[in-house]
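S.K.: One structure coming up, written as structure tokens, with questions to follow.
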Amino acid sequence: ETGVTQSPTHLIKTRGQQVTLRCSSQSGHNTVSWYQQALGQGPQFIFQYYREEENGRGNFPPRFSGLQFPNYSSELNVNALELDDSALYLCASSLEDSGGGYFGPGTRLLVL
Amino acid sequence: QKEVEQNSGPLSVPEGAIASLNCTYSDRGSQSFFWYRQYSGKSPELIMFIYSNGDKEDGRFTAQLNKASQYVSLLIRDSQPSDSATYLCAVNINPDSWGKLQFGAGTQVVVTP
């Protein structure tokens, strides 16, 4: 157990809807990174939040957005859902300068 | 386009043998390298990280890094059926960042009794 939690565990949405995923970081970690993992692929970096500011973004469109709160928990919001957004969404928490990060259990999103 | 490449497998390994996993990366400026293990239906868990050329050992796992050849490997000694999983190689996206990783697609390892 890494101490990183995510909710919900599973979610079914329809195309065009909006979704919010949540992540609580490991105690003492001030950085949260979000990843999308499609079936059979490695995780793809979406963006990172550090001290409530976006601190780098991968190759994802603006309809993927996020927030980080003062307690370092974080949200990932996806607007105008597309079928290809179906994936496992992972958050990883880390402490600055610590490297890789520790993943939560993930949220499995299915878009119909 | 920065890339991290791994053989997809499956890599079949007899119980008790050594599993050898390879990973190459394209960005010569990469400084930090990570190996994660992912069981089917679960999230990745960090096994090891390595920053310096050479070998780093942790229990039955050894990571090897050769920056000149842009190559990082993972050896699993005395492989057990519980080691059957997908192993993901990851590299920091840029040298000055932390926690922003580029992953390979993973190598599936199957340890056979």
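The values are calculated or read from the model by the stated rules, or taken from the named source; none is laboratory data. Small disclaimer: the values here were computed from a predicted structure and weren't measured. Quick reminder, even Gly has a Cβ in these numbers, built from the backbone with ideal geometry, and neighbours come from all protein chains shown.
S.K.: Restricting the first residue to segment A:48-68 and requiring it to be closer than 13 Å to A:Gln36 by Cβ, which pairs with a second residue that is of a type in the set (Phe, Trp, Tyr) and outside any loop (DSSP other than H, G, I, E, B) meet a Cβ separation below 8 Å and a spacing of at least six or different chains?
M.R.: Correct list of pairs: A:Arg57/A:Phe47; A:Gly58/A:Phe45; A:Gly58/A:Phe47; A:Phe60/A:Phe47; A:Phe64/A:Phe47; A:Gly66/A:Trp34; A:Gly66/A:Phe47; A:Gly66/A:Tyr49.
S.K.: Another question, if that's okay. Out of curiosity, is A:Ala92 in a loop (DSSP other than H, G, I, E, B), among the small types (Gly, Ala, Ser) and either in contact (Cβ under 8 Å) with a residue 24 or more places away in the chain or out of contact with any Ser or Thr (no Cβ under 9 Å at 6 or more places or on another chain) (or both)?
M.R.: When the stated conditions are applied, A:Ala92 does not pass them.
S.K.: Further question: Looking at B:Gln102, B:Gln31, can you tell me which residue is in contact with a strand residue (DSSP E or B) (Cβ under 7 Å, 6 or more places away or on another chain) and surrounded by 18 or more Cβ atoms within 10 Å (Cβ to Cβ)? Walk me through how you get there before you give the answer.
M.R.: Working: B:Gln31 fails: surrounded by 18 or more Cβ atoms within 10 Å (Cβ to Cβ).
So the residue among B:Gln102, B:Gln31 that is in contact with a strand residue (DSSP E or B) (Cβ under 7 Å, 6 or more places away or on another chain) and surrounded by 18 or more Cβ atoms within 10 Å (Cβ to Cβ) is B:Gln102.
Yes or no, residue by residue, for (1) more than 13 Å from the chain's Cα centre (by Cα); (2) of a type in the set (A, V, I, L, M, F, W, C):
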{"position": "A:Asn77", "(1), (2)": "no, no"}
{"position": "A:Glu82", "(1), (2)": "yes, no"}
{"position": "A:Asp85", "(1), (2)": "no, no"}
{"position": "A:Leu90", "(1), (2)": "no, yes"}
{"position": "A:Gly106", "(1), (2)": "no, no"}
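S.K.: Next up: Quick one: would you say B:Leu101 is facing another protein chain (nearest Cβ under 10 Å), at pLDDT below 95 and within 23 Å of A:Ala38 (Cβ to Cβ)? Write out each step before concluding.
M.R.: Working: facing another protein chain (nearest Cβ under 10 Å): yes; at pLDDT below 95: yes; within 23 Å of A:Ala38 (Cβ to Cβ): yes.
In short, yes.
S.K.: Condition first: more than 20 Å from A:Ala38 (Cα to Cα), within 12 Å of another protein chain (Cβ to nearest Cβ) and not basic (Lys, Arg). Can you find one or more residues in segment B:40-47 that meet it? Talk me through it step by step, then tell me what you get.
M.R.: Keep residues of segment B:40-47 that are more than 20 Å from A:Ala38 (Cα to Cα), which gives B:47.
Filter again for within 12 Å of another protein chain (Cβ to nearest Cβ), leaving B:47.
Right, trim to not basic (Lys, Arg) and you get B:47.
Taking every residue of segment B:40-47 in turn, at least one turns out to be more than 20 Å from A:Ala38 (Cα to Cα), within 12 Å of another protein chain (Cβ to nearest Cβ) and not basic (Lys, Arg).
S.K.: What are the residues in segment A:78-112 that are surrounded by fewer than 20 Cβ atoms within 10 Å (Cβ to Cβ), hydroxyl-bearing (Ser, Thr, Tyr) and at the interface with chain B (Cβ under 7 Å from one of its Cβ atoms), if any?
M.R.: A:Ser98, the sole residue that qualifies.
S.K.: Now for a different question. Does segment B:86-102 contain at least one residue that is outside any strand (DSSP E or B), under 23 Å from B:Ile18 (Cα atoms) and not aromatic (Phe, Trp, Tyr)? First the steps, then the outcome.
M.R.: Start the filter on segment B:86-102 by keeping residues that are outside any strand (DSSP E or B), which leaves B:93-100.
Restricting the remaining residues to those that are under 23 Å from B:Ile18 (Cα atoms) gives none.
No, segment B:86-102 contains no residue that is outside any strand (DSSP E or B), under 23 Å from B:Ile18 (Cα atoms) and not aromatic (Phe, Trp, Tyr).
S.K.: A further question on this structure: What is the residue count in segment A:25-63 for residues that are more than 27 Å from B:Gly9 (Cα to Cα) and surrounded by 20 or more Cβ atoms within 10 Å (Cβ to Cβ)?
M.R.: Residues flagged as more than 27 Å from B:Gly9 (Cα to Cα) and surrounded by 20 or more Cβ atoms within 10 Å (Cβ to Cβ) within segment A:25-63 amount to 8.
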